[in-house]
Amino acid sequence: MKVLEKYSFGIGDRFTRQGRAQLAAIVQAKKLGVDITPVWNKSNREHVTIHTQPDSLRAEADAAVKALGWTGSYYVDADHIGLKTVDSFLAASDFYTLDVADFSGKPADEASVKAFAAANTKFIGKLTIPGIEAPLEITEKTIMDAAGKFLLAIQEAGKIYRHIEEKKGRGNFVTEVSIDETDSPQSPTEMLFILSAIAAEGIPAQTVAPKFTGRFNKGVDYVGNLVQFEKEFNEDLAVIAFAVKEFGLPENLKLSVHSGSDKFSIYGPMGKAIKKYNAGLHVKTAGTTWLEELIGLACAGGSGLALAQEVYRKAFGRFDELCAPYSAVIDIDRAKLPSPDEVAAWDARRFAESLRHVQSNPAYNLHFRQLLHVGYKVAAEMGERYYTALDENEEVVARNVTENLLERHIKRIFLV
Ligand SMILES: [Zn+2]
């Protein structure tokens, strides 16, 4: 059986050119004593926007591994797939993120609800979970509410899982269940019943992605109550440890943090919590690499900078169209966006410093950064011109990609 290692990093790469630069960060982390397994992930939505096929991500991962002589394991994640989209990922992927958020909040059939309730009545009362201070108060209503919110979704996950298992064979792939793209966060108590349902469906989930409290906007820092986040994150870890034993789920089951790039203010608490519980962690950091490509191009100056400025001009002009699909995960104040003419007058350094996620730099502009984050469609439409610019400026782009993953992400989570 493929067993996902304790620490893993989702390193999605929209334009599939930065595999080596990303892996280089993980190689350097290993030298610093942190073993991280790379997982290249790309969602169906990204493939459609960029006009790529899942096989191209596999080719990128294999090539990067070969080029750097990486002997550890690595995976290719079919990110956020459902029954309708999974088939084109069957050849390339050995990691599947089953996205069932769309099915949450919809009722399952009566017989399944009864069976779920019956299986969980033993928890009614005060449930003590090691690591959680006050016992969880479980009532019949808690169980029925959880069934109403999650049972159908987990049944759907079961269908997707069995479909993949039939094609790829049991134990030949890693399974993640994600319910992060829902409106409201899930409490640790809800996590317990989600895991109960996952076990009852026979899904050998190795990672689970809940929606945490607070905003996880794309490419920028966490916005929310840090104290509450830390409490819930710790309690989720306690619930997972409990559920692994209670429900016989895979021993290595761990949390997966989606939109996990750039959430610098919660990295400290996360790192502390996983050490405390001796828990694993998967962090998805896909979008941040595309922004480093733009920073690298800008730093190159000349035509590279001009291209980065052009991406901004076009993205600015197509604000509504580009932002609409991501409305739940961006918060852009239009009044704080520089005008395209202003940006066209910037030098390389000014552009890079406005975009690079260094909060202490007064030039850093998180609105500018978020708009460019969703602006990858503009670069995709440039097609060969964009790819050629990446190839021509490979070194400076790669340097930014590696530094971002290693210094701002890996070190801040694992080496604090
Ligand atoms: Zn996600």
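The values are calculated or read from the model by the stated rules, or taken from the named source; none is laboratory data. Since this is a predicted model, take the numbers as computed values, not measurements. Counting neighbours? That spans all protein chains shown, and the Cβs are built from the backbone with ideal geometry, glycine included.
Summary table below
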| item | result |
| --- | --- |
| Filter result (crowded, with 18+ Cβ neighbours inside 10 Å and not in a helix (DSSP H, G or I)) within segment 314-337 | Ile330, Ile332, Leu337 |
| Filter pass, Phe264 being under 30 Å from Leu371 (Cβ atoms), hydrophobic (A, V, I, L, M, F, W, C), in contact with an Asp or Glu (Cβ under 7 Å, 6 or more places away or on another chain) and away from the ligand (no atom under 16 Å from the Cβ) | yes |
| Residue identified as over 18 Å from Leu4 (Cβ atoms), free of Cβ contacts under 8 Å to residues at least 60 places away in the same chain and acidic (Asp, Glu) among Glu251, Glu201, Glu181 | Glu201 |
| Test: residue in segment 225-244 that is small (Gly, Ala, Ser), closer than 20 Å to Asp180 by Cβ and either modelled with pLDDT under 95 or surrounded by fewer than 16 Cβ atoms within 10 Å (Cβ to Cβ) (or both) | no |
| Among residues of segment 1-30, those that are without any contact (Cβ under 8 Å) to a residue 60 or more places away in the chain and farther than 13 Å from Gly72 by Cβ, counted | 2 |
| Number of the exception - Val311 against (1) under 18 Å from Arg350 (Cβ atoms); (2) within 16 Å of the ligand (Cβ to nearest atom); (3) of a type in the set (Val, Ile, Thr) | (2) |
| Tyr96 within 16 Å of the ligand (Cβ to nearest atom) and not β-branched (Val, Ile, Thr) | yes |
| Residue satisfying all of: in segment 270-285; farther than 17 Å from Lys211 by Cα, touching a residue at least 24 places away in the same chain (Cβ under 8 Å) and not β-branched (Val, Ile, Thr); farthest from the ligand (Cβ to nearest atom) among these | Lys276 |
| Qualifying residues in segment 141-182 (those that are within 16 Å of the ligand (Cβ to nearest atom) and hydrophobic (A, V, I, L, M, F, W, C)) - the one surrounded by the most Cβ atoms within 10 Å (Cβ to Cβ) | Val177 |
| Residue in segment 349-370 that is part of a helix (DSSP H, G or I), among the basic types (Lys, Arg) and crowded, with 18+ Cβ neighbours inside 10 Å present | yes |
| Residues that are under 17 Å from Phe103 (Cα atoms) and not in a loop (DSSP other than H, G, I, E, B), drawn from segment 197-208 | Ala197, Ile198, Val208 |
| Checking Pro204 against (1) surrounded by fewer than 18 Cβ atoms within 10 Å (Cβ to Cβ); (2) at pLDDT 95 or above, the condition it does not meet | (1) |
| Tally, over segment 104-127, of residues that are over 18 Å from Ala199 (Cα atoms) and within 15 Å of the ligand (Cβ to nearest atom) | 0 |
| Matching option when the condition is in contact with a Gly (Cβ under 8 Å, 6 or more places away or on another chain) and farther than 22 Å from Thr16 by Cα, among Ala389, Ala315, Ala348 | Ala348 |
